[in-house]
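Peer 1: Just dropping this structure here.
Values in this text are rule-based calculations from the coordinates and carry no lab data. This one's a predicted model, so the numbers in the text were calculated from it and none came from an experiment. Positions of Cβ are backbone-derived with ideal geometry, glycine not excepted, and every protein chain shown enters the neighbour counts.
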Ligand code: NAD
Ligand code: LMR
C-alpha cells in the first residue's frame, strides 16, 4: 500500500502529475491538496480505472491534515511560477512562505513521509523544509529530496537531438549535478552514456551546456507570461516519484538524481566534499534509494576540465541560495 500526496495539485504541474501518479499501479491512495479546485480534480481522476483511491481537499476543515494523513510520499509543486524576465530566486518571496507552511503540515501530520520538493527556487526551498522539520524535531535528511529530474530529462533529450536520433533520448543518461537554477545546473556531458560526436566544436558544446542550464528560460519565454514548464515537469516529477515509490516497496539498487542534504550519507558526502574542494550543505548528485530513503550519495567521479570550471562557478551561488533558505526559517520563528 502506498499513499502518494500532491500539494498544489490543481496547478499546471499538479494536475498532470496527479494524473501520472493515478496511472502508477503501485499507488493505492492519492491525496490531492490545493487552495482551489481539488475536489473537481479528484472527482475527475477517480474515474480512471487504476488502483489508487483519490481524495481531494481544500484548506477549510483541516484539508491539509486530511490529505497528509497516512502519506508515504509527498510531492510539492505548490507555488507561483516564473514570468519572462524573472529568475527562480524572484519567486522566493512568495514560495518560501507557502513551502514553510506546507512543511509544517507534513512535520505535524506525516513526519515519516518522503518529501519531494518541486517548488522553486529548489536550491532554497529544500533547506526551508529541512529547517522546519528540525524545529519540530522530526528531520531525517534521508527522506528529503529536491526534484532536479527535469534537468536530467532535458539533458537526455538535447544530447539525443545532437546525435540526430530522438529515439535515443529514453536511453541517454547524463548526470546533472549541483543545484536547480542557471549556473548551478552542471551537466557532466563527459559521462554521457552516449558520447557526444567526436570533433564537436567548442561553441556547440558551450551552447549545449547553456541550453541544459537555461532550458527553463526557453519554456518561460515560449509561454510568454503563461508560466513555466508544467508538462515536462510533471513527466519528470512522476519519473522521480515512481523511483522513490519502487524503493519504498523494497526494490534495491535504484539510482536517481536529486538535490539532497549531505547529511543524508556521511561517507558519500565526504567523498563529494573531497571532489568539490569544499563542503556544501546540499548538493544534487545521483543518489541510491532504499526503503528508508537515501542509501548513498554517489560521488561525481571523473570530470573534465570544462566541467570542473562549471562546478567552481556553481558553488558560490549554491551557498548563497542555501543560506537564504536557512535564514528564512530562522527569522520566521
Ligand atoms: P501553477 O501556478 O500553475 O500551480 C501552482 C499551484 O499551487 C496552484 O494551483 C495554486 O493554487 C497552488 N498553491 C498556491 N499556494 C498554495 C498553498 N499554500 N497550498 C497548496 N497549494 C497552493 O504553477 P506551476 O507551473 O504548477 O509551478 C509550480 C511551482 O513549480 C513553481 O514554483 C515553479 O517554479 C516550480 N517548478 C519547478 C520545476 C523543477 O524542476 N523543480 C519545474 C517547473 C516548475
Ligand atoms: C524549469 O527548470 O523549467 C523550472 O525550474 C521552472 C522555471 O522557472 O524555469
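Peer 1: Run the quick spin-label model on residue 251 and residue 46: label points 7 Å from Cα toward the beta carbon, then report their separation in nm to one decimal.
Peer 2: In this crude label model, residue 251 to residue 46 measures out at 2.9 nm.
Peer 1: Can you give the relative contact order of the chain as a percent, counting alpha carbon pairs under 8 Å and 6+ residues apart?
Peer 2: Value for the chain: 17 percent.
Peer 1: Relative to the longest principal Cα axis of the chain, at what angle does helix 122-135 sit, 0 to 90 degrees, rounded to 10?
Peer 2: Helix 122-135 sits roughly 50 degrees off the main axis of the chain.
Peer 1: Apply the a/c threshold of 1.5 to the C-alpha gyration tensor of segment 263-333 and tell me whether it is rounded, prolate or oblate.
Peer 2: oblate
Peer 1: On a full-extension model of 0.36 nm per residue, what is the gain between residue 221 and residue 196, subtracting their alpha-carbon distance, rounded to one decimal in nm?
Peer 2: Extending this stretch completely gives an extra 6.3 nm.
Peer 1: Work out how far the C-alpha atoms of segment 30-92 reach from end to end along every principal axis, then list the three figures in whole Å, largest first.
Peer 2: Its Cα atoms span 42, 26, 22 Å along the three principal axes.
Peer 1: How far is helix 92-109 tilted, in degrees, relative to the longest principal axis of the Cα atoms in the chain, given as a value from 0 to 90 rounded to the nearest 10?
Peer 2: In the chain, helix 92-109 runs at an angle near 50 degrees to the longest axis.
Peer 1: If you don't mind, there's one more thing I want to ask. How would segment 3-138 be classified by its alpha-carbon gyration tensor: rounded, prolate or oblate, with rounded meaning a/c under 1.5 and the a/b versus b/c comparison settling the rest?
Peer 2: oblate
Peer 1: While we're on this one: Quick one: if you stick a label point 7 Å off each Cα along the C-beta vector at residue 134 and residue 271, how many nm between them?
Peer 2: In this crude spin-label approximation the distance works out to 2.6 nm.
Peer 1: Please list 231-243, 160-172 highest first by mean number of surrounding beta-carbon atoms within 10 Å per residue.
Peer 2: The peptides rank, most packed first, as 231-243, 160-172.
Peer 1: Across the Cα atoms of the chain, what radius of gyration and what greatest pairwise Cα-Cα distance (Dmax) are found, in Å?
Peer 2: 18.9, 62
Peer 1: Then there's this: With springs only between Cα atoms under 10 Å apart, run a GNM on the chain and tell me which of 45, 116, 17 wobbles the most.
Peer 2: Of 45, 116, 17, the Gaussian network model singles out 45 as fluctuating most.
Peer 1: Hey, what angle do you get for helix 202-213 against the long axis of the chain, alpha-carbon based, 0 to 90 degrees rounded to 10?
Peer 2: 10
Peer 1: What shape does segment 161-211 have by the C-alpha gyration tensor, where a ≥ b ≥ c are the square roots of the eigenvalues, rounded means a/c under 1.5, and otherwise prolate means a/b greater than b/c and oblate the rest?
Peer 2: oblate
Peer 1: With each pseudo-label sitting 7 Å past Cα toward Cβ, what's the residue 166-residue 304 distance in nm, one decimal?
Peer 2: Here the modelled spin labels are 2.6 nm apart.
Peer 1: Suppose only helical runs count, i.e. DSSP H with n ≥ 4. What mean residue ellipticity at 222 nm does that imply for the chain under -39500 (n - 2.57) per run, divided by all residues and rounded to the nearest 500 deg cm²/dmol?
Peer 2: Computed ellipticity for the chain at 222 nm equals -14000 deg cm²/dmol.
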